[in-house]
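In what follows, a structure is listed as structure tokens, so that the remarks can point back to it.
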Amino acid sequence: MIYADNAATTRPSRAALDAMLPLLEEGYGNASSLYTLGQKAREHLENARAQVAKALNAQPNEIYFTSGGSEADTQALFTAARLGEKQGKKHIISTKFEHHAILHALDALEKQGFAVTLLDVHENGLVTAEQVAQAIRPDTCLVTIMTANNEIGTIQPIAAIGAVCKEKGVLFHTDAVQAVGHIPVDVKAWQVDFLSLSGHKFHGPKGVGVLFARRGLVLANIIFGGAQERGRRPGTENVPAICGMAAALTEAVEHMDADRARVTALRDRLIAGIAKIPHSGLNGDAVQRLPGNVNFCFEGIEGESLLLLLDDKGICASSGSACTSGSLDPSHVLLAIGRPHEVAHGSLRLTLDASMTESDIDTIIAAVTEVVGYLRGISPVWRDLQEGKRSYVIQ
Amino acid sequence: MLYSEKVMDHFRNPRNVGVIEDADGVGEVGNAKCGDIMKMYLKIKDGIIDDVKFETFGCGSAIASSSMATEMIKGKPVSEALQLSNKAVAEALDGLPAYKMHCSVLAEQAIKSAVQDYYEKKGIPHDSALFADLECCHDHDHGAEE
């Protein structure tokens, strides 16, 4: 099997498992308990907090452990909204291609009377700091823009946007779920007030994430209970998962330079190979892009059948077609970068990691080429395109 | 698994895939915008479907539904093919997920559309009400059971 869906989730690393297993088997104490077993768990928890803080260039008391990226996103947005509301500021700026954790939280805030501006992300999948500066109004309380897009991997100019927000006195949140562990992240240099991350996107476990909140920003609770995480995120801490995530993150940061270079080379080999398929188009900027992300649209075919046939060849991938999501519309990300519906249905995302080899990449290229060719052979849309009865969108 | 073994079999090894150049009736339903189009080609001799081929742009269940539907009408009288319901296609595939039922509807409609084309080309009188609700992407609801 070739696992090429690392943006969906990653295989837990040895380091993550080694950190977790003893805590599941022996060190199972509640970190709030006074006896030694509990206090040992507390030590592990605080060590993990220090590790995560170091990886982000934050302070340990700015790190809140959550159940994952979606919870961190929701809490960041609701916190900024509550803080804004107190000053009579009820306008939020974001982009059209955010993760649904952000877009749906914004929907909820709109129902509470907030106004939301979603910035255009252009054909290359990038927003600019100038767009943000122009969109900021006197009543803007928050800008929330993802560090890297989960589907097309484009990396936004977060430091430049952070500088704009700082200058205008607007809170800035970034969903860095796809970026952390893959590219350098620095909350101080970026001047972000809130940042979300998720453990399972960098070879840590599922069900655990982090909300970074700059010191002085009091989080609004979205879960109520005890005093854990200074009362801002109650619930008994999942110490094994938190420690697994911290171990995976520490390892990812240590190996980042080497892994990035290696995975970027694999990515570019894959892009070059797939680009040879006629009427295929890369989605998103080729340079401002996560090391492991490859995303193409193919004319004349539909994504789900492509995924099923790749699965038959042992290749795990994903698509932005409507059929893979169970909804009528294809990926909002592909629509946001201007892909028409009929082409967005024929998309394929392959996301790589450092364990892959050039031979894996060549196997994927051969498989995708064969399957796209086969599906086009039975497609009436492809026939129409070839016979000139329909126009190609991708030349 | 998302699909039954039968769906996967018809998806992996679709029956009657291709084109009939001198078809007596051709029907196309669906919309590329919605992610599925089915095209059916019929060869009809003495009121019997002598040959049938299809081309499909769509998901696994769309390809499997087209394949199964062609098998169910091949060698049958045209009048019988018109009776083929989407439920019968889905049942023959050992079921489809609820949000994929529209794929079987498209298969039923593709056949009706091809028969309608045959009737019109040959000037065979027919009840146009039979073909009243053909196609249209925005009428079907991917989330509902048909």
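The values are calculated or read from the model by the stated rules, or taken from the named source; none is laboratory data. In this text, all values refer to a predicted model and were calculated from it rather than measured experimentally. Here Cβ is always computed from backbone atoms with ideal geometry, including for glycine, and neighbour counts include all displayed protein chains.
crowded, with 23+ Cβ neighbours inside 10 Å and either away from every other protein chain (no Cβ under 12 Å) or out of contact with any Cys (no Cβ under 8 Å at 6 or more places or on another chain) (or both): is that true of A:ILE315 in this structure?
The answer is no for A:ILE315.
Can A:LEU56 be described as within 26 Å of A:GLY181 (Cβ to Cβ), touching a residue at least 60 places away in the same chain (Cβ under 8 Å), touching a Cys at 6+ places or on another chain (Cβ under 8 Å) and surrounded by 18 or more Cβ atoms within 10 Å (Cβ to Cβ)?
no
Restricting the search to the range A:216-234, which residues are in contact (Cβ under 8 Å) with a residue 12 or more places away in the chain and either under 17 Å from A:GLY84 (Cα atoms) or not assigned by TED's automatic domain parsing to the domain that holds A:LEU109 (or both)?
Hits for the range A:216-234 are A:LEU217, A:VAL218, A:LEU219, A:ALA220, A:ASN221, A:ILE222.
Go through the range A:50-77 and count every residue that is in contact with a helix residue (DSSP H, G or I) (Cβ under 7 Å, 6 or more places away or on another chain) and assigned to a helix (DSSP H, G or I).
13
Which pairs do you get when a residue that is under 20 Å from A:ALA252 (Cα atoms), found in the range A:166-178, comes within reach of a residue that is of a type in the set (D, E, K, R) and modelled with pLDDT of 95 or more, reach meaning Cβ atoms under 9 angstrom, with the pair 6+ apart or on two chains?
So the pair list comes out as A:ASP175/A:ASP73; A:ASP175/A:GLU98; A:VAL177/A:ASP73; A:VAL177/A:LYS201; A:GLN178/A:LYS201.
For residues that are more than 16 Å from B:VAL19 (Cα to Cα) and touching a helix residue (DSSP H, G or I) at 6+ places or on another chain (Cβ under 6 Å), scanning just the range B:62-72, find the one that is farthest from the other protein chains (Cβ to nearest Cβ).
The extreme case among them is B:MET68.
Of the residues in the range A:3-44, how many are part of a helix (DSSP H, G or I) and farther than 30 Å from A:ASN149 by Cα? Full working, then the answer.
Here is the first cut: in the range A:3-44, the ones part of a helix (DSSP H, G or I) are A:14-25, A:36-44.
Those still in the list that are farther than 30 Å from A:ASN149 by Cα too: A:18, A:21-25, A:36-44.
So the count comes out to 15.
Those residues that are farther than 22 Å from B:ASP94 by Cα, touching a helix residue (DSSP H, G or I) at 6+ places or on another chain (Cβ under 7 Å) and not aliphatic (A, V, I, L, M), I need them from the range B:6-40; list them, please.
Hits for the range B:6-40 are B:ASP24, B:GLY25, B:GLY27, B:GLU28, B:GLY30, B:ASN31, B:LYS33, B:CYS34, B:GLY35, B:LYS39.
Taking into account only those residues within the range A:268-290 that are farther than 19 Å from A:GLY338 by Cβ and crowded, with 24+ Cβ neighbours inside 10 Å, which is nearest to the other protein chains (Cβ to nearest Cβ)?
Filtering the range A:268-290 for residues that are farther than 19 Å from A:GLY338 by Cβ and crowded, with 24+ Cβ neighbours inside 10 Å, the one nearest to the other protein chains (Cβ to nearest Cβ) comes out as A:LEU270.
Suppose we keep only residues that are among the hydrophobic types (A, V, I, L, M, F, W, C) and out of contact with any Ser or Thr (no Cβ under 9 Å at 6 or more places or on another chain) within the range A:369-395. Which one would you say is surrounded by the most Cβ atoms within 10 Å (Cβ to Cβ)?
A:VAL381
Somewhere in the range A:143-159, is a residue farther than 30 Å from A:SER347 by Cα, in contact with a strand residue (DSSP E or B) (Cβ under 9 Å, 6 or more places away or on another chain) and surrounded by 24 or more Cβ atoms within 10 Å (Cβ to Cβ)?
Within the range A:143-159, the first condition is being farther than 30 Å from A:SER347 by Cα, and the residues that meet it are A:159.
Checking which are in contact with a strand residue (DSSP E or B) (Cβ under 9 Å, 6 or more places away or on another chain) leaves us with none.
No: zero hits.
Which residues, taken from the range A:117-132, are of a type outside the set (S, T, N, Q), part of a helix (DSSP H, G or I) and surrounded by 17 or more Cβ atoms within 10 Å (Cβ to Cβ)?
A:ALA129, A:VAL132
Take the residues in the range B:16-61 that are within 12 Å of chain A (Cβ to nearest Cβ) and of a type in the set (Lys, Arg); name whichever of them is surrounded by the most Cβ atoms within 10 Å (Cβ to Cβ).
Result: B:LYS39.
Identify the single condition in (1) under 14 Å from A:LEU211 (Cα atoms); (2) touching a Leu at 6+ places or on another chain (Cβ under 8 Å) that A:GLY68 does not satisfy, given that it satisfies every other one.
Going through (1) under 14 Å from A:LEU211 (Cα atoms); (2) touching a Leu at 6+ places or on another chain (Cβ under 8 Å) one by one, A:GLY68 breaks only (2).
Filtering the range A:348-361 down to residues that are out of contact with any helix residue (DSSP H, G or I) (no Cβ under 7 Å at 6 or more places or on another chain) and assigned to a helix (DSSP H, G or I), which residue is surrounded by the fewest Cβ atoms within 10 Å (Cβ to Cβ)?
Taking the candidates together, the pick is A:SER359.
Let's see how each residue does on (1) free of Cβ contacts under 8 Å to residues at least 60 places away in the same chain; (2) among the acidic types (Asp, Glu); (3) under 12 Å from A:GLY300 (Cα atoms); (4) in the same structural domain as A:ARG267 (by TED's automatic domain parsing):
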{"position": "A:LEU334", "(1), (2), (3), (4)": "no, no, no, yes"}
{"position": "A:ALA344", "(1), (2), (3), (4)": "yes, no, yes, yes"}
{"position": "A:SER359", "(1), (2), (3), (4)": "yes, no, no, yes"}
{"position": "A:GLY377", "(1), (2), (3), (4)": "yes, no, yes, yes"}
{"position": "A:PRO380", "(1), (2), (3), (4)": "yes, no, yes, yes"}
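Out of all the residues in the range A:172-189, which are surrounded by fewer than 24 Cβ atoms within 10 Å (Cβ to Cβ) and not in a loop (DSSP other than H, G, I, E, B)?
Passing the criteria: A:VAL187, A:LYS188, A:ALA189.
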